[in-house]
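Undergrad: Dumping the structure here so I can ask a few things about it.
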């Protein structure tokens, strides 16, 4: 399982002719993708080479691994590329593998673009999401078109092996009742996905000894996820199709951080439950 947490405070800017914010850019990182940021697309003549750049910068370097955009209202199939800036770079020229994705629509109508990058990348202090007006070689976005992005995610990431009996479900809070004639009725509520995983037993160095990526450990992750701290979780990513990554990655919060359980010797286990923070369905 890839678990990305501790998103830094990010300053957002737009690059491209006529691109502008129609609402406050801070909505991109408010932890509530249904409260989306609203933007205006480029205003010049459009072609499949037209690129709007969403650029984020922060103070301290982090190694990118699980990166994404959630809750967009741009057309399905729009090309999204990533580029990063390291502390020593003059521009956004650090481009690892697997940094190209097309916007996909999930079964509930949410549109996302998630990226799972290789381990061990250099720390970066900036990211560019490069949105290209290209769907199958055709222009799909009109000049000056308004659109939304629910959330943008980047943060330090750890790899947490888990047992094979992990499960992904859905919670539907809709309160259904029956009429005297036995007919169902009720006020429809938005459902959300859940993920339950029991971590594989791990040595004490990973539990409380800074033995994970970036000097993290279970206790540091625990502190970051307390009180509804937002995170991104991908239960499987190795050798999986791009579509699978889009389907199974969650923008979420840990609603249960189970006890750290001693398994014997210097080995420990733990169980987690994550609940999705759903985005407003794409229009």
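Where a number appears in this text, it was derived from the coordinates with a stated rule and is not lab data. Note that this is a predicted model, so its numbers are computed, not measured. Note that each Cβ is placed from the backbone with ideal geometry, even for glycine, and that neighbours are counted across all protein chains shown.
Undergrad: Using the Cα gyration tensor of the chain, with a ≥ b ≥ c the square roots of its eigenvalues, what is the shape: rounded (a/c below 1.5), prolate (a/b larger than b/c) or oblate (neither)?
TA: Details: a/c = 2.07, a/b = 1.17, b/c = 1.76.
Judged from the Cα gyration tensor, the chain comes out oblate (a/c at least 1.5, b/c at or above a/b).
Undergrad: Hey, another quick one. Got a sec? Which residues in the range 96-126 would a label at residue 174 touch, if it sits 7 Å along Cα→Cβ and we count backbone N under 19 Å?
TA: Under cut-off, by backbone N: 106-110.
Undergrad: Evaluate the relative contact order of the chain (contact order divided by residue number), counting alpha-carbon pairs under 8 angstrom at least 6 apart; express in whole percent.
TA: Values: 719 pairs, mean separation 67.7, N = 283.
Computed value for the chain: 24 percent relative contact order.
Undergrad: Rounded to the nearest 0.05, what FRET efficiency do residue 97 and residue 166 have when you use their Cβ-Cβ distance and R0 = 25 Å?
TA: On the way: r = 27 Å, r/R0 = 1.06.
Once rounded, the FRET efficiency stands at 0.40.
Undergrad: How much FRET efficiency would the formula 1/(1 + (r/R0)^6) give for residue 236 and residue 23, where r is the Cβ-Cβ distance and R0 is 35 Å, rounded to 0.05? Don't jump to the answer; show the numbers that get you there.
TA: On the way: r = 35 Å, r/R0 = 1.00.
Efficiency, from the Cβ-Cβ distance: 0.50.
Undergrad: Mean separation of Cα pairs under 8 Å and 6+ residues apart, divided by the residue count of the range 138-283: what relative contact order is that in percent? Write out the running numbers ahead of the final one.
TA: On the way: 214 pairs, mean separation 33.2, N = 146.
Value for the range 138-283: 23 percent.
Undergrad: Rounded to the nearest 500, what is the 222 nm mean residue ellipticity of the chain from helices alone, with -39500 (n - 2.57) per DSSP H run of 4+ residues and division by all residues? Kindly include the intermediate steps, with their values, before the conclusion.
TA: Details: 3 runs with 20 residues, N = 283.
Mean residue ellipticity, 222 nm, calculated: -1500 deg cm²/dmol.
Undergrad: Can you tell which of 34, 140, 208 shows the greatest fluctuation in a Gaussian network model of the chain with Cα springs below 10 Å?
TA: It is 208.
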